[in-house]
Each structure stands twice: as C-alpha cells, then as structure tokens.
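Below: the structure, in structure tokens.
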C-alpha cells in the first residue's frame, strides 16, 4: 500500500470546507477528481496521507462525520476502501 488516501464527501462544500480546515492545521491535502470507480457523488475528493489520518480526524472534529469513505491506494494504483463513513477510522500504522 502507498501512503496516499482519499476522503470522499457528499458535496463540494464539504470537500472545500475540509480543505480549508486542513490547510489551517498545516496538514498536507490536495483536491482531486474522484476516480470514477469510487463514486459519482460529488466529483472531487480530498487527497491526504494515510499516516496523517488521525491528525485529519482530530482537525475536522465533528465535520469528519460527513466523510462517506476513506480509500487507500495499493501498490498497483487501485483504491481500496479503508472505512465506510466515519463510524470507525483505523489507526494509521507507523511502520
């Protein structure tokens, strides 16, 4: 697995709000088009690093509940679902 992950949200407003919060918190993020195989919901996703997922969750607070999925890129460039919604975010391993 690579360290890249995507956060999906139901609306562009959620994506932009997330970007603003993460920029203020000085957490790496980028807005990218959602890969078609993942969703046609919003069209844009927040890319960040899987290693920063705990920091992202803390920075977003209750706003993280709007996240509809977290995906991590595997070595072949395919996206694998890490969580559905925000019910439980796995702890990022630091190995």
- prompt: Among the residues of region 38-53, how many are out of contact with any strand residue (DSSP E or B) (no Cβ under 6 Å at 6 or more places or on another chain) and more than 14 Å from residue 72 (Cβ to Cβ)?
  reply: 4
message: Regarding region 69-81, can at least one residue be identified that is touching a helix residue (DSSP H, G or I) at 6+ places or on another chain (Cβ under 8 Å) and at pLDDT 90 or above?
response: yes
- request: Please go through region 34-57 and pick out each residue that is loosely packed, with under 14 Cβ neighbours inside 10 Å and either on the phi > 0 side of the Ramachandran plot or modelled with pLDDT of 95 or more (or both).
  value: 43
Residues within region 1-21 that are outside any loop (DSSP other than H, G, I, E, B) and either under 16 Å from residue 83 (Cα atoms) or within 11 Å of the chain's Cα centre (by Cα) (or both), tallied: 8
field: Residue that is nearest to the chain's Cα centre (by Cα), among those in region 23-75 that are within 10 Å of residue 8 (Cβ to Cβ), in contact (Cβ under 8 Å) with a residue 60 or more places away in the chain and outside any loop (DSSP other than H, G, I, E, B)
entry: 70
Hits in region 4-31 (condition: surrounded by 13 or more Cβ atoms within 10 Å (Cβ to Cβ) and closer than 21 Å to residue 77 by Cβ): 4, 5, 6, 7, 8, 28, 29, 31
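The values are calculated or read from the model by the stated rules, or taken from the named source; none is laboratory data. Treat the numbers as computed from the prediction; the structure is a model and nothing was measured. With ideal geometry, Cβ positions are generated from the backbone for all residues, glycine too; neighbour counts draw on all protein chains shown.
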